[in-house]
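Every read-out reported here was derived from the displayed coordinates using simple, explicitly stated rules and does not represent laboratory data. These numbers were taken from a predicted model, which means no experiment stands behind them. In this analysis, Cβ positions are derived from the backbone assuming ideal geometry, glycine residues included, and neighbour counts consider all displayed protein chains.
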Amino acid sequence: MLWSLIKIILFVAAVAALALGAGYLLESEGGVQVTVMGSEYTFGPLQSVIAVLAFVVAVWILLKLLSLLMATWRFLNGDETALSRYFDRNRERKGFEALSEGLMALASGEGRVAMSKAAKADRYLNKPELTNLLTAQAAEMAGDRRKAEETYKKLVANSATRFVGVRGIMRQRLEDGDTDTALALAEKAFAIKPKHEEVQDVLLKLQAQKEDWAGARQTLSAKLKHGSLPRDVHRRRDAVLALSEAKSILSDESPIEMREKAIEANKLSPDLVPAAVMAGRSYIAHGKPKLATRLLKKAWEAQPHPDLAAAYAEIEPDETPQQRIKRFTLLTRSTLNHAETKMLMAELHIANEDFPEARRALGDLATSDPTARSVTLMAAIERGEGADDSVVRGWLARAVTVSRGPQWICDNCQHIHAEWAPICENCESFDTLEWKRPPEAEMAMPGGVQMLPLIVGALEDNSAADKGDEATGETDVEDVELVTDPPENAPDENAKV
């Protein structure tokens, strides 16, 4: 309100001043006399003021015309002017509109449209670092791999976009199956951006596939350093790589280095069964049974496994069955209720020909949680106690159709492996194998019930000899061992201790 009043007062004062000045000019006498080329012009006071104002306006217009002429000359000469900046802004606006339309087309899955919009944006903007990336991705979507590769190579030539170009060509080589070139490109991309998680994963996977365990461990350390991998996962995977490195050293007949790598792998991840087995056997080979015993016991407490039991048996290879039972009792006392412990002790008592004790050790495992191994052990116990062939055949028939029990299974693709490996042989994923039971659809043994006539026929062929044994009251131990032996194609986890 106050400001409006002040503006009104100022306006009235200005009008009053102009009116007063005009009155003075009208009342004053004299004027301005101007002589031009011998002609004299006399202007009154008011006319003089008007003439001065007209002269100022004329000079201003002249200067503007001169500026326009100079700007036109500079524009025609190629210099930057307001006119050129106007056209540049117009081109830039059209270029960014084409670029945004191309991105929308790319997001919509219209590769050809995105390529045409990228070409239009390139004509207007002349910024290849923006348009080449859109062109490459659009070409890949449209299936024009040659165009995409050419564009990625252009991106490699520019230092600002080199990483994008290298990564794009790397992905193309991976799709083509050229892992050697992809590995070299992954190493180059990793050198440019070591924090890039996708490049880290690709490089680690390729190094593992090429069995470059030392390089893979360095990449894994970089993932930990840059925060893209939790510390506990790093320790586990570092143990897997150390174990794989130990295996490669073992194949080169370097036992000392193998032992060090195996022990390192076991220290990094004590629950990694293959590392514990290899480390334990390395201690056994170097005459350190106490260290092997302590290591295998710790691994058994973390995860009971048949391979651990087999390595534990190698500590005292010449002991009697009674001595072995006594020693294995120390191994299994902390896992008495585990299925692997029950089957292991049942096997040991069968080897000692103490079939009642084997039945007690096995418990109701063959009926409550039947697997091919537990049911086969039950058949061996029945045979050892002199049961009828029909009872034995019934257990063997069931062993054919029940689950094979825990196996090395890939968490990523559910592929079953006969033995542990750092990389899945089916999907090539790294560190995805886990000792567990397969899905229901995978639980039947190979061959299924088609194997049943062969087993039953083998029993009938030996029926006469069995009846002779029953008449004499003797039990043929070889028959029991034959029953407990796994099929030829069974994995190592079913091997006898």
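Cβ-to-Cβ counts within 10 Å put 104, 115 in ascending order as 104, 115, the fewest first.
Taking a ≥ b ≥ c as the square roots of the eigenvalues of the alpha-carbon gyration tensor, segment 177-252 is classed oblate because a/c is 1.5 or more while a/b is no larger than b/c.
Under a Cβ-only charge scheme (Lys and Arg +1, Asp and Glu -1), can you give me the dipole magnitude of segment 264-418 about the Cα centre, in debye to the nearest 20?
Working: 19 positive and 20 negative charges, 97 e Å.
That gives a dipole near 460 debye.
Full extension of the chain between residue 179 and residue 233 yields a length gain of 16.9 nm, computed as 0.36 nm times the residue separation minus the alpha carbon distance.
Can you tell me how segment 71-225 classifies by the Cα gyration tensor, rounded, prolate or oblate, using a/c under 1.5 as the rounded cut? Each step should come with its number before you reach the end.
Values: a/c = 3.29, a/b = 2.18, b/c = 1.51.
Prolate, because a/c is 1.5 or more and a/b exceeds b/c.
Computed from backbone phi, the HN-Hα couplings of segment 54-62 come to 5, 4, 4, 5, 5, 4, 5, 5, 4 Hz, rounded to whole numbers (Karplus: 6.51 cos²θ - 1.76 cosθ + 1.60, θ = phi - 60°; Gly and Pro given as x). The alpha carbon centroids of segment 413-434 and segment 162-195 are separated by 25 Å.
Once backbone amide H atoms are built at 1.01 Å from N, residue 407 has 436, 437 as its partners under 5 Å, excluding neighbours fewer than 5 places away on the same chain.
Pairs from the table (127/154; 94/120; 153/223; 267/297; 290/326; 225/298) lying more than 18 angstrom apart at Cα are 153/223; 225/298. Amide hydrogen proximity for residue 421: with H placed 1.01 Å from N in the peptide plane, no residue at 5 or more positions away or on another chain lies under 5 Å.
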